[in-house]
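The values are calculated or read from the model by the stated rules, or taken from the named source; none is laboratory data. This one's a predicted model, so the numbers in the text were calculated from it and none came from an experiment. Glycine gets a Cβ as well: all are built from the backbone with ideal geometry, and neighbour counts include every protein chain shown.
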Amino acid sequence: MFIDEVDILIKSGKGGDGIVSFRREKHVPLGGPNGGDGGKGGSIVFVGDEGMSTLLDLKFQKHVYAKAGENGMRKKMKGADAKDVLVKVPLGTTIYREGTREVLADITEHGQAEIIAKGGHGGRGNTTFSSSRNKAPNFQENGGQGIEMNLHIELKLLADVGLIGFPSVGKSTLITVLSNSRPKIADYPFTTLIPNLGVVQVPGRQSFVLADMPGLIKGASEGLGLGIQFLKHIERTRVLIHVVEMSPESLREPYEDYVTINEELKNYDYNLLERPQIIVASKMDVEGAEERLIAFKKHFDEDTLIIPVSAIVNDNLKELVYEASILLETTPFFYKKDEVVDDYVEYTYNEEDMDFVINRISDVTFDVKGALVEKLYNRANLDTDESLTIFITKLRKAGLDDRLRDAGAKSGDTIIIMDLELEFVE
Ligand SMILES: Nc1nc2c(ncn2[C@@H]2O[C@H](COP(=O)(O)OP(=O)(O)OP(=O)(O)O)[C@@H](O)[C@H]2O)c(=O)[nH]1
Ligand SMILES: [Mg+2]
């Protein structure tokens, strides 16, 4: 089954909490702190895998969770880090944040790894907090929260060259003889239902990825047949091999075939017709093919390159592969005409997003929220005065006082931060 769109839920692991613990030894009345740090939570990492060509695995998985880091332990022992969860996807996979459609990653290379949800950091144990001023801190830090996110994932296969043409003209047979791909072909016309990719080796030149597409029929660009569903997979190809059957068994007229397919490409909105095409006259071993080829050629001028081939008797295939690789070298990448760069927001982690949001809820009361506040709050264990002081000091260092003043706060006003009620002191 070929799946090119899925929605999944991912959740990275929470970091392990640091702990408070003190050394207890016989004959030593006051042991020092020995609470260990928590381990890191597992991240969710997407990795490009050239061996894959569908998002089928994710379709069934529905959600991907990473484990939490272990809590710290006594004797300064750090909790174990949780393993990152690697999600393998085919090249050409784009990962969007569901809803906003923000692009989180575009996977185009084998082995390319993108952290989509980072695991929470491990919280510090009280050992880490001991200092000359405070030799016996009785507070710790909780691990950072994991990130939960709904993702929309889309696949547009990455191939350099695409095979197009009517059904049964010999596209799958070609990819089989030209590449390492082994799609299903039977003696009876076995229609390709999903795109296949194969790597074509070109002696002395760069190899390229060839895509075998389901056959197109008239009306494909309007959704007839498998057409539109798969046309998008040739959006990223740079060169098209347009296969036109010369065997009289096809019962259609080769030039009409050629025009019909080009018409479909034109009606599809990804500039597909602007891609350079290599016209391949297929099944030249069949009787009567030569005559049809001569008639076909009359519609073109002398310079048009038409390569007559037979996949069955291996005729002219080297030339075809060579021409394709030459064309590839001189052809730029194509983009959709109306591809608006604006709705394609590259995801970058921005420190400023982690700021304060201050709301004046009465004349003398201010509510402080924001990603930074939440992050620090989740990390702090606010049971002790000491950790409360640390929490507030961190907020002040991040510029909270200035922001409160900008919002109109005066000495003596009430500041609400999560479930804390504090007084603003100038
Ligand atoms: N005589 C001859 N038959 C061929 C040649 N290439 C393919 N065929 C036959 O044509 C039939 C269709 O070939 P496929 O490769 O499945 O055609 P396709 O273009 O992939 O068809 P769809 O997947 O339906 O679009 C098969 O029976 C092949 O054996 C050739 O060069 N010569
Ligand atoms: Mg096929």
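Here I278 meets the list (1) under 15 Å from V244 (Cα atoms); (2) modelled with pLDDT under 95; (3) within 32 Å of the chain's Cα centre (by Cα) almost entirely, failing just condition (2).
Yes or no, residue by residue, for (1) within 29 Å of the chain's Cα centre (by Cα); (2) aliphatic (A, V, I, L, M); (3) assigned by TED's automatic domain parsing to the domain that holds M246; (4) more than 30 Å from V243 (Cα to Cα):
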residue	(1), (2), (3), (4)
L86	yes, yes, no, yes
T93	yes, no, no, no
H110	yes, no, no, no
A117	yes, yes, no, yes
G123	no, no, no, yes
S130	no, no, no, yes
Q145	yes, no, no, yes
G170	no, no, yes, no
L178	no, yes, yes, no
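Give the residues of region 387-400 that are surrounded by fewer than 16 Cβ atoms within 10 Å (Cβ to Cβ) and either of a type in the set (D, E, K, R) or assigned to a strand (DSSP E or B) (or both), sorted by residue number. Within region 387-400, R396, K397 qualify.
Within the bounds of region 175-195, is there any residue that is touching an Asp or Glu at 6+ places or on another chain (Cβ under 9 Å), closer than 25 Å to E274 by Cα, within 16 Å of ligand 2 (Cβ to nearest atom) and at pLDDT 85 or above? Within region 175-195, one or more residues are touching an Asp or Glu at 6+ places or on another chain (Cβ under 9 Å), closer than 25 Å to E274 by Cα, within 16 Å of ligand 2 (Cβ to nearest atom) and at pLDDT 85 or above. Please verify whether region 249-258 includes one or more residues that are more than 22 Å from G219 (Cα to Cα) and touching a Gly at 6+ places or on another chain (Cβ under 9 Å). Yes, there is a match, as at least one residue in region 249-258 is more than 22 Å from G219 (Cα to Cα) and touching a Gly at 6+ places or on another chain (Cβ under 9 Å). Screening T100, T54 for residues that are closer than 24 Å to V199 by Cβ, surrounded by fewer than 19 Cβ atoms within 10 Å (Cβ to Cβ) and not assigned by TED's automatic domain parsing to the domain that holds H233 leaves exactly one candidate, T54. Criterion first (of a type outside the set (A, V, I, L, M), away from ligand 2 (no atom under 12 Å from the Cβ) and at pLDDT 90 or above) does G170 satisfy it? Judged against the criteria, G170 is not a match.
The residues in region 202-227 that are modelled with pLDDT under 80, in contact with a helix residue (DSSP H, G or I) (Cβ under 6 Å, 6 or more places away or on another chain) and more than 16 Å from ligand 2 (Cβ to nearest atom) can be counted, and the count is 1.
Would you say E264 is within 11 Å of ligand 1 (Cβ to nearest atom), of a type in the set (D, E, K, R) and more than 28 Å from the chain's Cα centre (by Cα)?
Values: within 11 Å of ligand 1 (Cβ to nearest atom): no; of a type in the set (D, E, K, R): yes; more than 28 Å from the chain's Cα centre (by Cα): yes.
No; evaluated as a whole, the condition is false for this residue.
Of the residues making up region 236-252, those that are outside any strand (DSSP E or B) and at pLDDT 80 or above number 9.
Criterion applied to E302, E287 was being free of Cβ contacts under 8 Å to residues at least 24 places away in the same chain, more than 24 Å from E235 (Cα to Cα) and away from ligand 2 (no atom under 16 Å from the Cβ), and the one residue passing it is E302. Can you find a residue in region 197-207 that is in a strand (DSSP E or B), surrounded by fewer than 18 Cβ atoms within 10 Å (Cβ to Cβ) and not aromatic (F, W, Y)? Yes, the conditions are met somewhere in region 197-207.
All conditions in (1) surrounded by fewer than 18 Cβ atoms within 10 Å (Cβ to Cβ); (2) within 16 Å of ligand 2 (Cβ to nearest atom); (3) hydrophobic (A, V, I, L, M, F, W, C) hold for V161, with the sole exception of (1).
Looking at region 311-330, is at least one residue at pLDDT below 80, under 38 Å from the mean Cα position of the chain (by Cα) and among the polar types (S, T, N, Q)? Walk me through how you get there before you give the answer.
Looking only at region 311-330, we keep the residues that are at pLDDT below 80, and these are none.
Checking region 311-330: not a single residue is at pLDDT below 80, under 38 Å from the mean Cα position of the chain (by Cα) and among the polar types (S, T, N, Q).
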